[in-house]
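What follows is one structure encoded as structure tokens, with my remarks underneath.
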Amino acid sequence: MKIPLSYSMRNLLTRRMTTLLTASGMALVVMVFAATLMLTDGLQKTLVATGSPDNVIVIRKGAQTEVQSGVERQQANLVESLPGIAIGSDGSRLLAKELVVLINLPKRGSNKPSNVVIRGTSPASLALRPQVRLVEGRMPRSGSSEIMTGSGIARRFQGTGIGEHLRFGMRDWTVVGIFDGGTTGFNSEVWGDVDQLMQAFRRPVYSSMLFRLADSSRFDRFKELVESDPRLTLEAKREPRYYLDQSEAMAKFLNILGMTLTIIFSLGAIIGAMITMYASVANRVGEIGTLRALGFRRSSILAAFLAEALILGLIGGLAGVFCASFLQLITISTMNWQTFSELSFSFSLTPVTALVSIVFSLFMGLAGGLIPALRAGRISIVDALRES
Amino acid sequence: MAATSDIVTIRNVTKSYRRGNQLVPVLEDISFDIHSGEFLALMGPSGSGKSTLLNLIAGIDKVDSGSIIIGGCEITTLNETELAGWRAVNVGFVFQFYNLIPVLTAYENVELPLLLTRLSRRERREHVEAALEIVSLTDRMDHRPSQLSGGQQQRVAVARAIVTDPAILVADEPTGDLDRVSAGEILSLMDHLVQDFHKTIIMVTHDPRAAEKAHSIRHLEKGLLTDG
């Protein structure tokens, strides 16, 4: 029979301050751990949400990103003529040939320059991205030097608000609209007419092609068609896969950094829990002797002290996740090293992250409590009663 | 009326402790019997081995040689797990410093030994209330040990010792930490348990007044019984 859990809980309550301090240490580590996972999740959520599963993106074979890619006009025409591309409500193909270039813009306030993606878009670009909608002003007229900016850009960069002007590609561009891309990466882009932008930047090739398949389940066949054609040195990916691939390097970097910090901090928290539990055992040697004399087995004593350490871990875990949940209010703006462009994303707390963080905290409690609990279980009854 | 058959049979028991490289003998060739329903006081100076003998009878320490048979069970042959189970059923403990669990209420402290049985929660409650009734502390069952006087704490400890209805109670200096009045109450309570509930009590004490309450007294000196 087990020693009741209330015994372990009340012992923690009796030593309120020690419990609070140890659990706070664990909570801090859990917060760092959860923050790392939340950052990676937030990044992937942003980049993956950028893509729509029905869309297919075509880029040059071997290119990781649109910035590195080039699709010649002739190749673009060949892809456009392939069967299976969906037709829009206006009767034309739901296909956009796009250009992606990076320019440097100074930030508002700090004046610090940062890379911004300029996307040359076709009339179908907006229809292919239903998550993007105009929130202010109007759409740029095709054939003009008009542009619209993502709401993330309009807030943070100079000259990107409605009616303001930007100078790039040896031209002045007027911002006539602001669009909102929700949590997607488009929020950090500037959109203009693709042909105007190609002329301005003297680019003879597109960066990518985006289109919707009439039947999404025929993607594999379409991919084979594109990739086996010797005239097309291109590859086709579903749009979410493309953005997920882009997030991998940065997610890996964030994970390694976060996990390194977590491991170092967790060692401190485990030692803290161990000291607390050792003190707890030392203070209760007499109680342990009494419980053993009454007939409770070593395993029951071990379980009672392990339960105490696990409760400590649970308190730390819950507090850590609770504190980490407030990080969702923060938006981080940083450089995506794969596209060399500005990318803003938020911490995202998923149920899995919360669960993993609490399990991690329980593990810290267990690791810290195991040796003291083993010691508690091993104390001889006579010695323990003599100490009481 | 208490039965007179032997409940404890101790034969040729020796026990020594290791102190550094030295083996210090504590008990040497002890043999005697305790009758069922007897209230026995073990007396002797400090270091005479009386607490060690009590621990051996209670099954919380192991003999070097010899045998101890309690209620027909030779406890010296039991392993640690079997001994733990045996103690839970057959022995009640009363300690000098009460040894109550400070975070548990009087009720929960008395209930502890019952957690090792298969009794239901309702049955446990009945047993605990009956035990607290015997020690006249039903009105304090929700108090923590720190909210009780020394005498009351020792009465809770007695209730804990009898709640499983064991045949034997072992008491190590049960009045050692109490004032005269409280000590008297505890000794009367123990006498009541022997007279009315036919318990066998083995008590270690320094206090001659406590020993007076016992039916019989055994003296130990330097690990030897001095009175046959």
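Read-outs: derived from the displayed coordinates by stated rules, not from any lab. The structure presented is a predicted model; accordingly, all values stated were derived computationally and were not measured. Positions of Cβ are generated from backbone atoms using ideal geometry, with glycine treated the same way; all protein chains shown enter the neighbour counts.
With chain B treated as a Gaussian network of Cα nodes joined by springs under 10 Å, which of B:Q153, B:Q195, B:Q22 yields the largest mean-square fluctuation?
Comparing B:Q153, B:Q195, B:Q22 in a Gaussian network model of chain B, the most mobile one is B:Q22.
In square nanometres, what is the average projected area of the Cα convex hull of chain B? Provide the component values of the computation, followed by the final result.
On the way: hull surface 51.5 nm².
Value for chain B: 12.9 nm².
Semi-axes, largest first, in whole Å: what does sqrt of 5 times each Cα gyration tensor eigenvalue give for segment A:31-94?
Working: eigenvalues 236, 59, 11 Å².
The answer is 34, 17, 7 Å, longest axis first.
Can you give the extra length, in nm with one decimal, that the chain gains between A:I263 and A:S24 once fully stretched, where that is 0.36 nm per residue apart less the Cα-Cα distance?
Working: separation 239, 0.36 × 239 = 86.04 nm, distance 1.67 nm.
Gain on extension, A:I263 to A:S24, equals 84.4 nm.
Partner chain Cβ atoms within 10 Å, averaged over the residues of A:277-286 - can you pull that number for me?
1
Of the listed pairs A:K61/A:K252; A:K107/A:K223; B:K199/B:K222; A:K61/A:K112, which have alpha-carbon separations greater than 32 Å here?
Numbers: A:K61/A:K252 24 Å; A:K107/A:K223 40 Å; B:K199/B:K222 29 Å; A:K61/A:K112 35 Å.
The answer is A:K107/A:K223; A:K61/A:K112.
Give me the three principal axis extents of segment A:62-232 from the C-alpha atoms, as integers in angstrom, largest value leading.
Cα extents, longest axis first: 50, 30, 28 Å.
With +1 assigned to the C-beta of every Lys and Arg and -1 to the C-beta of every Asp and Glu, and no other charges, what is the dipole magnitude of chain B about the Cα centre in debye, to the nearest 20? The partial results should precede the final answer.
Working: 22 positive and 30 negative charges, 92 e Å.
Charge dipole of chain B: 440 debye, to the nearest 20.
Which residue fluctuates the most in chain B, going by a Gaussian network model with Cα springs under 10 Å, if the choices are B:P174, B:P208, B:P113?
Its mean-square fluctuation being the largest, the pick is B:P208.
Taking every Cα atom in segment B:54-94, find the radius of gyration and the maximum pairwise distance Dmax, and write them in Å.
For segment B:54-94, the Cα-based Rg and Dmax read 9.3, 26 Å.
If I take all pairs of Cα atoms in segment B:87-172, what percentage of them are more than 20 Å from each other?
Details: 850 of 3655 pairs.
Taking all Cα-Cα pairs of segment B:87-172, the fraction more than 20 Å apart is 23 percent.
Calculated from DSSP H runs of 4 or more alone, at -39500 (n - 2.57) each and per residue, what is the 222 nm mean residue ellipticity of the protein assembly as shown, nearest 500? Before the final figure, lay out the partial values.
Numbers: 18 runs with 271 residues, N = 616.
Per the formula, -14500 deg cm²/dmol.
Considering only DSSP beta bridges with both partners in chain B, what is the antiparallel share in %, to the nearest 5? Present the calculation step by step, with values, prior to reporting the outcome.
Details: 19 of 36 bridges.
Of those bridges, close to 55 percent are antiparallel.
Can you spot the aspartates and glutamates whose alpha carbon is less than 13 Å from A:K45's alpha carbon? Ignore those fewer than 8 places along the same chain.
Correct list for A:K45: A:D245, A:E248.
With only alpha-carbon atoms counted, please give the Rg and Dmax of the protein assembly as shown, in Å.
Cα radius of gyration and Dmax of the protein assembly as shown are 40.1, 121 Å respectively.
Among A:I371, A:I270, A:I315, whose mean-square fluctuation peaks in a Gaussian network model of chain A (Cα, cutoff 10 Å)?
Of A:I371, A:I270, A:I315, the Gaussian network model singles out A:I371 as fluctuating most.
Under a crude label model (7 Å from the Cα following the beta-carbon direction), how far is A:R16 from A:V135 in nanometres?
4.6
Loop only per DSSP, at most 13 neighbouring Cβ atoms within 10 Å: give me the trypsin sites (Lys or Arg not before Pro) in segment A:27-90, ordered by residue number.
Answer by residue number: A:K61.
What is the fewest-to-most order of A:F219, A:F326 by other Cβ atoms lying within 10 Å of their Cβ? Intermediate values should be presented prior to the final figure.
Working: A:F219 17, A:F326 11.
Listed from fewest to most nearby Cβ atoms, that is A:F326, A:F219.
Can you compute the equivalent ellipsoid semi-axes for segment A:242-366, i.e. the square root of 5 times each eigenvalue of the Cα gyration tensor, sorted largest first and rounded to whole Å? Present the calculation step by step, with values, prior to reporting the outcome.
Working: eigenvalues 368, 34, 29 Å².
In descending order, the three semi-axes are 43, 13, 12 Å.
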